[in-house]
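Heads up, the thing below is written out as structure tokens.
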Amino acid sequence: MLDYSISDYKVLAVRWNGAMEKSLFTKQYRVFLERLRKARVEANLTQAQLARRLGETQSFISKVERGERRLDVVELRVFCRALRVPFPAFTHDLDHALSVGERRRSGRS
């Protein structure tokens, strides 16, 4: 279990010298959307089928997958349950994909 104290956050804030991008169009958010769509496809669900499981419209799912509608972490957990993908597994895989992308951009392997 991760345990971050307030002092840990202060250390991270001091080490990180940039503003967090809030755009839907960051490379990291595109990776997230690709992973989310991939999870739906691997679950053999259409957008309409996923929408029914969530009690939403197909249009809602489409907007999420295109990045027109941003998900928060609570909504992502609901998506994972509907996809029958364990939330920790999804976030672990996403973190790994993002880390690989960061290493490639910085020239590290």
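List of remarks:
- In this structure, L50 does satisfy being farther than 25 Å from G101 by Cβ and either touching a helix residue (DSSP H, G or I) at 6+ places or on another chain (Cβ under 7 Å) or free of Cβ contacts under 8 Å to residues at least 60 places away in the same chain (or both).
- In the stretch 92-109, residue surrounded by the most Cβ atoms within 10 Å (Cβ to Cβ) [restricted to those that are under 17 Å from A39 (Cβ atoms) and in contact with a helix residue (DSSP H, G or I) (Cβ under 8 Å, 6 or more places away or on another chain)]: L94
- Among the conditions (1) surrounded by 14 or more Cβ atoms within 10 Å (Cβ to Cβ); (2) under 15 Å from E42 (Cβ atoms), the only one that P86 does not satisfy is (1).
- The residue of the stretch 74-88 that is nearest to the chain's Cα centre (by Cα), among those that are closer than 13 Å to L36 by Cβ and not charged (D, E, K, R), is L76.
- L2, sole failed condition from (1) at pLDDT below 95; (2) more than 16 Å from F87 (Cα to Cα): (2)
- Close pairs (7 angstrom Cβ cut-off, 6 or more residues apart or separate chains): part of a helix (DSSP H, G or I) in the stretch 89-109, at pLDDT below 95 and exposed (fewer than 11 other Cβ atoms within 10 Å of the Cβ) anywhere: R103/S109
- Only residues that are more than 18 Å from Q28 (Cα to Cα) and either surrounded by 15 or more Cβ atoms within 10 Å (Cβ to Cβ) or at pLDDT below 95 (or both) were counted in the stretch 53-76, giving 5.
The values are calculated or read from the model by the stated rules, or taken from the named source; none is laboratory data. Note that this is a predicted model, so its numbers are computed, not measured. Methodologically, a virtual Cβ is constructed for each residue, glycine included, from the backbone with ideal geometry; neighbour enumeration extends over all protein chains shown.
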